[in-house]
Amino acid sequence: MKKCVIVGIGQRSLQAYVIPLTKELADCVEICGVYDLNHKRAACAAKFTGCDIPVFDDFDTMLEETRPDVVLVTTIDSCHDEYIIKALEFGCDVITEKPMTTDDMKCNAILEAEKRTGKDLKVTFNARFRPFYTRVKELMDSGIVGDVLSVHFEWMLGTKHGGDYFRRWHRQRKNSGSLLIHKSTHHFDLLNWWINDEPEAVNAFGSLRFYGPTREERGERCLTCAYKDKCEFYFDLPTDEFLGQLYYENEDVDGYYRDRCIFSDEIDIEDSVAVNIKYKKGTVVCYTLTAYSPYEGCKIVFNGSKGRLEVDHIRTGINSENPYSIRLYNALGEEIKYNFKKEEIVTTAVQSANGLTRDNDTGHGGSDPLMRAMLFRGVSSDPLGHIANSRAGAYSIGIGIAANKSMKEHRQVSLSEFLPYTD
Ligand SMILES: NC(=O)c1ccc[n+]([C@@H]2O[C@H](COP(=O)([O-])OP(=O)(O)OC[C@H]3O[C@@H](n4cnc5c(N)ncnc54)[C@H](O)[C@@H]3O)[C@@H](O)[C@H]2O)c1
């Protein structure tokens, strides 16, 4: 039985870890304590599970009194580093939510602490575990496109999901490092993993023209807004059964309003970004992120020496006959379709190899249950390398950090300027 403590008891923590760990993984993990800046939100761990989960007043006391094997970090992004480093120094292994951290100084401090303490840090890139993205990895590893010469990678967030990042802490760089770190870390990690390479240099542009102070009719938050009857983005927080209890009922402690106005002038992150990346083996990449799209999904093209692989995934917003599509165009001019069934019913090879089945919880296309099982039950076989270490964490945020520097300093940025790797 592994002893685990959790720091940061918000939506992700409860839905992806606290609740499932007390159910499907109760035979191998015990949650010995939780800590959050907001003690009332921390108490939601017990409230939502019905289990006796102690709430601590500070993180250090929690470590001292529980002596855990593993610390799970699920706070806002900008303080992951503080808890990762303290936990490593205390002698614990750490599992941190993505992004590993938000800037180069914090990233290097984490890498140094991991090296110095000899403890293990894993980053939860659950997107890798989606059966559809696992299939892309299998195809890329099989060499069907040959050497990867270039990639077009377009990611679209719908206004419901994308807009949500502009309602709360993510909207300020000091908390999230911008969407290039907070959100794109998933995409950059998938890219690095799929093409089996590491990024070398980055050039980027970005703008904020959809959200932010783009209209006069705005307020501090939806709850008190004078324009709530006509705003298409109005969000009724108190009546949301889960979010109302988690945020609205606890906002007296810390003033965390979950329904802040997406047209606020406090917002300092981009809603459109365009990034060019050059990889160590020579692949060149065009990446874009749009946070206000009518539908949500991704369109990715790998141009290789043997052919072109086109990957489309329509996640929400339109009814597509085929939301999952993978097509290869080979050197003979043929089109080969790799059919993909609904994600929930696909069993991937990595799942079979580890004897893992999924229950009805299909969080993030079935990726969360599979990742949890592999992280907490242990892994007997990881042939595609689903479990991500700190190096993967660093190279995925490395692209975002370089892009942030590139936009600020109007220049191309090499990752070797701030990452410690020499090979
Ligand atoms: N992998 C995924 O698919 C996925 C999805 C959503 C969120 N996340 C990640 O999970 C983490 C949490 O996101 P969320 O959506 O649950 O946010 P949230 O706002 O719901 O929860 C964050 C919690 O951190 C607490 N907190 C803030 N500063 C703190 C500090 N200094 N010390 C202790 N606690 C502090 C807040 O009070 C809050 O309860 C983030 O790192 C986010 O990037 C990952």
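Positive contributions from Lys and Arg (+1) and negative ones from Asp and Glu (-1), summed over other residues with Cβ under 13 Å from the Cβ of D252, come out at -1. In straight-distance terms, cross-link reach from K341 covers every one of the aspartates and glutamates whose alpha-carbon lies under 15 Å from its own, apart from those fewer than eight places away in the same chain; here that gives D312, E321. Structural size metrics of the range 170-210, computed from C-alpha coordinates, are Rg and Dmax of 12.2, 35 Å.
Hey, what does the equivalent ellipsoid look like for the chain, semi-axes from the Cα gyration tensor as sqrt of 5 times each eigenvalue, largest first, whole Å?
Semi-axis lengths for the chain are 32, 27, 23 Å.
Modelled label positions at K47 and C286, each set 7 Å beyond Cα in the direction of Cβ, lie 4.9 nm from each other. Here the range 2-124 was treated as a single set of alpha-carbon atoms; its pair distances binned every 10 Å from 0 give 14, 49, 31, 5, 0 percent. For the residues T117, T134, T224, a GNM of the chain with alpha-carbon springs under 10 Å puts the largest fluctuation on T224.
Which residue fluctuates the most in the chain, going by a Gaussian network model with Cα springs under 10 Å, if the choices are H80, H182, H364? Of H80, H182, H364, the Gaussian network model singles out H364 as fluctuating most. About the centre of its Cα atoms, the chain shows a dipole size close to 960 debye [charges on the beta carbon of Lys, Arg (+1) and Asp, Glu (-1) only; nearest 20 debye].
In the elastic network of the chain, a GNM with C-alpha springs shorter than 10 Å, the most mobile of S150, S305, S320 is S320. The residue among T74, I9, Y295 whose Cα reaches farthest toward the positive pole of the charge dipole of the chain, with charges on the beta-carbon of Lys, Arg, Asp and Glu, is Y295.
Taking the Cα centre of the range 17-84 as the origin, how large is its charge dipole in debye, to the nearest 20, when only Lys and Arg (+1) and Asp and Glu (-1) carry charge on their Cβ atoms?
On the way: 5 positive and 14 negative charges, 83 e Å.
Roughly 400 debye, rounded to the nearest 20.
Holding the Cα-Cα limit at 18 Å, pick out from K40/K228; K183/K299; K86/K174; K174/K408; K160/K230; K174/K405 the pairs that are longer than that. Violating the 18 Å limit, Cα to Cα: K40/K228; K86/K174. Can you check what the net charge comes to around R327, using other residues whose Cβ is under 10 Å from the Cβ of R327 (Lys, Arg +1; Asp, Glu -1)? After counting each charged neighbour, the total is -1.
Along the axis of the charge dipole computed for the chain (Cβ charges of +1 for Lys and Arg, -1 for Asp and Glu, origin at the Cα centre), the listed residues S305, Q172, H161 are led at the positive end by S305.
For the range 210-266, the C-alpha radius of gyration divided by 2.2 N^0.38 Å, with N the number of residues, is 1.14. In this Cβ point-charge picture (+1 for Lys and Arg, -1 for Asp and Glu), the range 2-124 has a dipole of about 320 debye about its Cα centre. Taking a straight Cα-Cα cut-off under 19 Å and skipping sequence neighbours fewer than 8 places away in the same chain, the lysines within cross-link reach of K281 are K137, K306. The modelled label-to-label distance for the pair E335/K306, using points 7 Å beyond Cα in the direction of Cβ, is 2.2 nm. Ordered by the count of other Cβ atoms within 10 Å of each Cβ, fewest first, I399, I318 give I318, I399. Straight-distance candidates among the aspartates and glutamates for linking to K23, with alpha-carbon spacing under 16 Å and chain neighbours fewer than 8 residues away dropped: D52, D359, D361, D368. Label positions at E220 and N276, each projected 7 Å from the Cα along the C-beta direction, are separated by 4.5 nm.
In the chain, taking the dipole from charged Cβ atoms about the Cα centre, the farthest positive-side position among I387, V151, T22 is held by V151.
Read-outs: derived from the displayed coordinates by stated rules, not from any lab. Bear in mind the structure is a predicted one, so any value in this text is a computation, not a measurement. For neighbour counting, all protein chains shown are included, and Cβ atoms are generated from backbone atoms with ideal geometry for every residue, glycine included.
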